[in-house]
Amino acid sequence: MDLSTFCRKALGIESPWRIGSVTVDDTTMSVTVHVERTKSSKGTCPECGATCSIHDRRDRRWRDLQWSKYRMFIEASVPRVRCPEHGVLNETPPWCVPNSRFTIGFEEYAVSLMLVASISAVSKLLDVDWKTLDAIMQRAVDRGLDRRRAHPVPVLCVDETSFQKRHEYVTIVSDGTTGAVLYVGDDRTEASLMAFYEALTPEQRASVGSVNMDMWVPYIEATSMGLEEGDRTICFDRFHVAQMLNKAVNDVRKQEHRAELREHGESALTGKRMSVLRNYADLTKSQQRDLQEVFAVAENTAMAWSIKEQAKLLWKYVSFHWAERAWNVWLEAAEQTALTPIIKVAQTVKNHLWGILNAVVFGVSNAMAESINSRIKMIKSRARGFRSRERFRRAILFYCGNLDMSF
Ligand SMILES: [Zn+2]
């Protein structure tokens, strides 16, 4: 097989294109494959596929995958066609995507590397700049989004996350069944989430069974209005309630710790923060002994801790009625502690009990949302501060969108 036949096969060059010549340059360590188009006065519009007359030709150059130590390029004179409907446009040769200076093979490889390595590592490895990789990522995400079909979404998870400057937020909606991020919206307002509901088809909206979220009023309002019977789908997740209770227990511990120190100059509560906050079952034998020592002297911390532990048992109900009864008993016990931090949480729980009961009865787990959260943290640390919301959005969809980004 001669070199040009090999190039034709390797690059998948087909009629009306053919290999003209191949030049090897040992000083720049590059191989340039010159591709020619059979002479014709007609070309194809890249928009509509219509046969059109050729307007002029432009010399173009694409970078392909490296072959051993040689950097590979394709050069061709590409016709611009004049389409009656779309105007003058570049014809797209089969080895590239429109508006790219890279071959499909190169972009495919860059995408597969970006999925497993940091942008700076890929940039070094391929010797391309950040902007180029960003454009490749953008095209990959666009391809994936174009292929996405409207499918039913019985479980949705809504969350917010900040980027770069602490007070800039995006709203992330993911499919609780597959874990795919479906949408990334600006900010964390009612409108941020409303735009997602509005973009769903009526069938998709009707397919929503539960929407898992924290107790963020704008999301509650958007869901109530954006979905028919939205209130019945809203589930306040367990993690959020647990977080509030942990903070309350710690606040009680801190207050009691300060009081002990004031009174006795020492305290059994010193350095016991983790023992108080961890799951009892996760504690080592010595941590369990620590906890018992704490409880012997710190009555308030013991009470708060017991309320926090009791709340964990309230998520196991399947009947709405029994769940409601159990939560009400718990609320009463929480109020009886007369501990301000605990009473504050109880008040919040009381006001949102409807959505907590939805979550209990649906048996919703936030494991999926948690795993998406941790992947997004990884994206942030890999990219070291996104300068724009648009870039952040693109990266989330690229890594967490479960998109088909193939060519
Ligand atoms: Zn056209």
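The values are calculated or read from the model by the stated rules, or taken from the named source; none is laboratory data. This one's a predicted model, so the numbers in the text were calculated from it and none came from an experiment. When we count neighbours, we look across all protein chains shown, and the Cβ atoms used for this are built from the backbone with ideal geometry, even at glycine.
Go through (1) surrounded by fewer than 19 Cβ atoms within 10 Å (Cβ to Cβ); (2) at pLDDT 90 or above and name the single condition D64 misses.
Just one mismatch for D64, condition (1).
I13 - would you say it is farther than 28 Å from K131 by Cβ, out of contact with any His (no Cβ under 6 Å at 6 or more places or on another chain) and surrounded by 19 or more Cβ atoms within 10 Å (Cβ to Cβ)?
yes
Just one of R57, R61, R82 is closer than 22 Å to F6 by Cα and more than 9 Å from the ligand (Cβ to nearest atom); which is it?
The conditions single out R61.
Taking the stretch 68-77 only, how many residues are hydrophobic (A, V, I, L, M, F, W, C) and either within 16 Å of the ligand (Cβ to nearest atom) or closer than 10 Å to M29 by Cα (or both)?
Quick first cut of the stretch 68-77, residues hydrophobic (A, V, I, L, M, F, W, C) only: 72-74, 76.
Checking the rest, the ones that are also either within 16 Å of the ligand (Cβ to nearest atom) or closer than 10 Å to M29 by Cα (or both) come to 72.
The qualifying residues number 1.
Is at least one residue of the stretch 234-248 in a helix (DSSP H, G or I), more than 30 Å from V181 (Cα to Cα) and over 25 Å from the mean Cα position of the chain (by Cα)?
yes
Can you go through K308, K344 and tell me which one is of a type in the set (K, R) and either in contact with a helix residue (DSSP H, G or I) (Cβ under 6 Å, 6 or more places away or on another chain) or on the phi > 0 side of the Ramachandran plot (or both)?
Criteria check complete, one pass: K308.
Before we move on, is I19 part of a strand (DSSP E or B), over 20 Å from I104 (Cα atoms) and modelled with pLDDT of 90 or more?
no
Tally up the residues in the stretch 85-103 that are farther than 19 Å from R18 by Cα, crowded, with 17+ Cβ neighbours inside 10 Å and within 16 Å of the ligand (Cβ to nearest atom), please.
Going through the stretch 85-103 one residue at a time, the tally reaches 1.
Among the numbered criteria (1) touching a His at 6+ places or on another chain (Cβ under 9 Å); (2) among the hydrophobic types (A, V, I, L, M, F, W, C); (3) without any contact (Cβ under 8 Å) to a residue 12 or more places away in the chain, which single criterion is violated by A298?
All conditions are met except number (3).
Between a first residue in the stretch 43-60 that is farther than 15 Å from P93 by Cα and a second residue that is outside any strand (DSSP E or B) and away from the ligand (no atom under 14 Å from the Cβ), which pairs have beta carbons less than 9 Å apart while being 6 or more apart in sequence or on different chains?
S53/S41
What do you reckon, is S381 of a type in the set (G, A, S) and in contact (Cβ under 8 Å) with a residue 60 or more places away in the chain?
When the stated conditions are applied, S381 does not pass them.
Counting only residues that are of a type in the set (D, E, K, R) and touching a strand residue (DSSP E or B) at 6+ places or on another chain (Cβ under 8 Å), which one in the stretch 19-54 is farthest from the ligand (Cβ to nearest atom)?
Residues of the stretch 19-54 that are of a type in the set (D, E, K, R), as a first pass: 25-26, 36-37, 39, 42, 47.
If we keep only those that are touching a strand residue (DSSP E or B) at 6+ places or on another chain (Cβ under 8 Å) as well, we get 25, 36-37, 42, 47.
On the way: D25: 38, E36: 24, R37: 19, K42: 13, E47: 4 Å.
Once the filter is applied, the top-ranked residue is D25.
So if I check each of E309, E332, E299, which one is under 33 Å from the mean Cα position of the chain (by Cα), surrounded by fewer than 19 Cβ atoms within 10 Å (Cβ to Cβ) and under 20 Å from N246 (Cα atoms)? Talk me through it step by step, then tell me what you get.
Values: E332 fails: under 33 Å from the mean Cα position of the chain (by Cα); E299 fails: under 33 Å from the mean Cα position of the chain (by Cα).
Step by step, each of E309, E332, E299 is checked, and only E309 is under 33 Å from the mean Cα position of the chain (by Cα), surrounded by fewer than 19 Cβ atoms within 10 Å (Cβ to Cβ) and under 20 Å from N246 (Cα atoms).
Mind listing whichever residues of the stretch 61-104 are in a loop (DSSP other than H, G, I, E, B), in contact (Cβ under 8 Å) with a residue 60 or more places away in the chain and not aromatic (F, W, Y)? Break it down stepwise before answering.
Kept after step one, since they are in a loop (DSSP other than H, G, I, E, B), are these residues of the stretch 61-104: 64-66, 68-69, 84-86, 91-95, 97-101.
Of the ones still in play, those that are also in contact (Cβ under 8 Å) with a residue 60 or more places away in the chain are 93-95, 97.
Within the stretch 61-104, P93, P94, V97 qualify.
Give the stretch 162-174 a look and list any residue that's touching a residue at least 60 places away in the same chain (Cβ under 8 Å) and under 15 Å from G401 (Cβ atoms), or say none.
Narrowing the stretch 162-174 to residues touching a residue at least 60 places away in the same chain (Cβ under 8 Å): 163-164, 168, 170, 172, 174.
Scanning the stretch 162-174 gives V170, I172, S174.
Which residues, taken from the stretch 249-272, are part of a helix (DSSP H, G or I), of a type outside the set (D, E) and farther than 25 Å from A359 by Cβ?
V252, R253, K254, Q255, H257, R258, A259, L261, R262, H264
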